[in-house]
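Structure first, then comments.
The values are calculated or read from the model by the stated rules, or taken from the named source; none is laboratory data. It should be emphasised that the depicted structure is a prediction, and the values quoted were computed from it without experimental measurement. For neighbour counting, all protein chains shown are included, and Cβ atoms are generated from backbone atoms with ideal geometry for every residue, glycine included. SASA here: full protein model, heavy atoms, side chains in, ligands and nucleic acids out. Shrake-Rupley method; radii C 1.70, N 1.55, O 1.52, S 1.80 Å.
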Amino acid sequence: MTVSAQVRWTDGMQFVGRAGDGPAVVMDAMGGGSGAGPMELLLMGTAGCTAVDVLSILKKKRMHVTGFSINITGERAEEFPKPYTHIHIEYVISGTDLNPSGIQQAIDLSENKYCGAMASLKADITHSFRMEASAH
């Protein structure tokens, strides 16, 4: 399955990204103020990916979830390219009929089997490029 996305520069250090026909996302350099930074989006995407998995699994386990949020923090290296060296995810779940061992199982399944974002963070990723120069 191939997923395509495009990022287009708008002004300053602001870019607008879109995957397929999906909604646009505004990105900006850290501190730019008009959108999240790309590395922040990486954290949000990871949190969103595991959140969808965990909520789906909890519903299949017939747990009644009334509140669910994820707090995610990433520690970055000091030297460029400043990758994340540690990511901490805190799952905050409230509801009725919640089973702690079932919640732990749902989190483990997401983090180790279903969440494509987490698997991508662990992957050996290849890349290629094409350069096109035009005078405007």
Handout entry: Accessible-area composition of the chain, carbon plus sulfur, in percent [1.4 Å probe]
Key = 56
Problem - Residues of type lysines that Lys82 reaches as a straight line, Cα spacing below 26 Å, ignoring anything fewer than 8 places off in the same chain - result: Lys122
Handout entry: Structure-derived Rg/Rh (Cα atoms, Kirkwood Rh) - corresponding label in [x] 1.04; [y] 1.21; [z] 0.98
Key = [x]
Completion exercise
Counting only protein heavy atoms and leaving out ligands, DNA and RNA, the solvent-accessible surface of Arg8 at a 1.4 Å probe, in Å² to the nearest 10, equals 140
Handout entry: Note, ³J(HN,Hα) from phi for region 117-134, Karplus 6.51, -1.76, 1.60, rounded to Hz, x at Gly and Pro
Key = 5, 5, 4, 5, 5, 8, 7, 8, 9, 9, 8, 9, 8, 9, 10, 10, 10, 9
Practice task
Kindly express, to the nearest 10 degrees and within the range 0 to 90, the angle between helix 100-109's C-alpha long axis and the longest C-alpha principal axis of the chain.
Solution key: 30
Exercise for the section: Determine the per residue accessible area of the chain with all protein chains present and a 1.4 angstrom probe, expressed in square angstrom. Expected result: 75
Practice task
Evaluate the distance, in nm, between pseudo-label points positioned 7 Å from the Cα of Ile87 and of Asp21 along their respective Cα→Cβ axes.
Solution key: 3.0
Practice task
Please give the helix 38-60 orientation as an angle from the longest Cα principal axis of the chain, in degrees from 0 to 90, rounded to the nearest 10.
Solution key: 30
Practice task
Give, rounded to the nearest 20 debye, the magnitude of the charge dipole that the chain has about its Cα centre when Lys and Arg contribute +1 at Cβ and Asp and Glu contribute -1 at Cβ.
Solution key: 480
Exercise for the section: Under 15 Å from the Cβ of Gly17, count the other residues' Cβ atoms, weight Lys and Arg +1, Asp and Glu -1, and hand me the total. Expected result: -2
Handout entry: Per-residue SASA entry for Asp53, accessible area with 1.4 Å probe, Å² rounded to 10
Key = 30
